[in-house]
Amino acid sequence: MKRKTVFTGTIVVLLFSACSSYLTSSENVGKTKKPYEKILVVGRSKDNTARIKFENSVVSELKEAGVKGTASHAANKIIDLNRKYSETELATLKKTLMANGYDGVIVTNLINTEEYTDVIPGNTSTAYVPTRAGRFGRYLVYYPVTRWEPDQLRSGTKYVFESSLYRLTEDSGDNLQWIGRFEAKDPSNLTNTVNKYAKDLTNALIKSSISTDN
């Protein structure tokens, strides 16, 4: 019974984690929702497979919401993620992007990995046990007996990401429009993880920063 209870509690936590959003915090810097003609999606990663899957997934989610996006890996090498750009080069890159029809850029970075420990609360169960009363020999009284299962500890690795939306046509100095922090614990399936991240990211952007009104 004890092993079954612990197993059930663990499954509940895993299911909850799978259904909950990766997004842990965000700020709508631009304050208002704005329309975009075409957004470049950039996923900074040393793993090209993960980068391609992620960028494609975000583009797909944007398309489903009625927003045109292009994955940076498929954008004719318009941006090189393996080099550091100077301020002058960044200004030139911005002009190049705008000349190619981009008015927005989504950039995602892995900013940290850290160990975590979650506490899975133990379950309780109550049974009503009959007692004998005197010589009469019949079960006249029932009293509750409660059992408490100990808490369980679940440890692993947490990946912390940050995604930002920039508006290239913004005339003011800073063109950051939205920024969000995401956390994924022990991702075991790359496709499922990037698809969920892409959906959470796109939903957050459409809700607060990107207008889809025509």
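The values are calculated or read from the model by the stated rules, or taken from the named source; none is laboratory data. Every value quoted in this text rests on a predicted model; they were computed, and no experiment measured them. In this analysis, Cβ positions are derived from the backbone assuming ideal geometry, glycine residues included, and neighbour counts consider all displayed protein chains. Ligands, DNA and RNA are excluded from the accessible area calculation, which covers all protein heavy atoms including side chains. Shrake-Rupley method; radii C 1.70, N 1.55, O 1.52, S 1.80 Å.
Looking only at the stretch 190-214, count every residue that is part of a loop (DSSP other than H, G, I, E, B) and of a type in the set (Val, Ile, Thr) and tell me the total.
1
Among ARG3, ARG51, which is charged (D, E, K, R), surrounded by 11 or more Cβ atoms within 10 Å (Cβ to Cβ), at pLDDT below 95 and part of a helix (DSSP H, G or I)?
ARG51
Filter the stretch 100-129 down to the residues that are of a type in the set (Phe, Trp, Tyr) and either part of a strand (DSSP E or B) or in contact with a helix residue (DSSP H, G or I) (Cβ under 6 Å, 6 or more places away or on another chain) (or both) and list them by number. The answer is TYR116, TYR128.
Just wondering, is there one or more residues in the stretch 64-86 that are in contact with a Pro (Cβ under 9 Å, 6 or more places away or on another chain), open to solvent by less than 70 Å² (accessible area, probe 1.4 Å) and either in a loop (DSSP other than H, G, I, E, B) or at pLDDT 95 or above (or both)? Within the stretch 64-86, one or more residues are in contact with a Pro (Cβ under 9 Å, 6 or more places away or on another chain), open to solvent by less than 70 Å² (accessible area, probe 1.4 Å) and either in a loop (DSSP other than H, G, I, E, B) or at pLDDT 95 or above (or both). With respect to being modelled with pLDDT of 90 or more, open to solvent by less than 60 Å² (accessible area, probe 1.4 Å) and of a type in the set (Gly, Ala, Ser), GLY122 falls outside the description. Checking ARG154, ARG167 one by one, the residue that is closer than 30 Å to LEU201 by Cβ, among the basic types (Lys, Arg) and modelled with pLDDT under 75 is ARG154 and no other.
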